[in-house]
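What follows is a set of notes on a single structure, which appears directly below.
The values are calculated or read from the model by the stated rules, or taken from the named source; none is laboratory data. Everything quoted here is computed from the prediction, not taken from an experiment. When we count neighbours, we look across all protein chains shown, and the Cβ atoms used for this are built from the backbone with ideal geometry, even at glycine.
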Amino acid sequence: MNKIIIAGTSLCCFSETNKVRIACGKFAQDPYFEAFVFNLIGLNSLFLALDEPTLSYENNAYTKNTLDIVGNLVSALFIGECLLKIFVMGFVRNEFAYLRDNYNILDFVIVCISIISWILESMSLGEGLSALKALRALRALRPLKLVSKNEGMKLVVNSILASIPKMINVFFISVLFYFVFGVIGT
């Protein structure tokens, strides 16, 4: 479970002793809220797996509309979770602010992608726009929110990221050996 620390002012106007901020902080740390977010991520992953590029309004209007509605609902709930945590923790100013954690930055980027996608879709520019299709493809990043919610997964991801420089060294040594044996072989 993620620990939310209420420190300093939030959004330059809500103090540490603000009762609404404290109540929202308790709500954001509640295990049921965390379980709801886990289930929401799982549901979103399921519906992303059902969405396919060949699905169109002409031949599967009901399925496409259902996937769009569920996608919009999930996006709205993720935006609500992001706004709740920004209200409780602050945005970037204090030590324990929302954007001081790398996993929260990932969550924020995913939420921003959803908002940009909504704006482009509402302007009806997205019918043939390849940038919108790319933004819609980036919705596949939403399951990565699961990493930010689970300490064990954070440990695994951090270990993998820490091993990348050493793997690059091994890769270059392997390429060197392949090159030497390739030269000898010819």
Is it true that residue 117 is modelled with pLDDT under 85, among the small types (Gly, Ala, Ser) and buried (at least 17 other Cβ atoms within 10 Å of the Cβ)?
-> yes
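Yes/no matrix, rows are residues, columns are (1) farther than 23 Å from residue 3 by Cα; (2) of a type outside the set (A, V, I, L, M, F, W, C); (3) out of contact with any Pro (no Cβ under 8 Å at 6 or more places or on another chain); (4) surrounded by 11 or more Cβ atoms within 10 Å (Cβ to Cβ):
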| residue | (1), (2), (3), (4) |
| --- | --- |
| 106 | no, no, yes, yes |
| 150 | no, yes, yes, yes |
| 169 | yes, yes, yes, no |
| 176 | yes, no, yes, no |
| 179 | yes, no, yes, no |
Examine the stretch 45-53 for a residue that is among the aliphatic types (A, V, I, L, M) and in contact (Cβ under 8 Å) with a residue 40 or more places away in the chain, and state whether such a residue exists.
-> yes
Using the structure shown, decide if residue 88 is over 30 Å from residue 6 (Cα atoms) and surrounded by 16 or more Cβ atoms within 10 Å (Cβ to Cβ).
-> no
Just name the residue that is modelled with the lowest pLDDT out of those in the stretch 136-183 that are within 30 Å of residue 107 (Cβ to Cβ) and among the polar types (S, T, N, Q).
-> 148
Which listed residue is in the same structural domain as residue 138 (by TED's automatic domain parsing) and assigned to a helix (DSSP H, G or I), from 96, 91, 78 | 78
Only one of 87, 96 that is modelled with pLDDT of 90 or more and in contact with a helix residue (DSSP H, G or I) (Cβ under 8 Å, 6 or more places away or on another chain) = 87
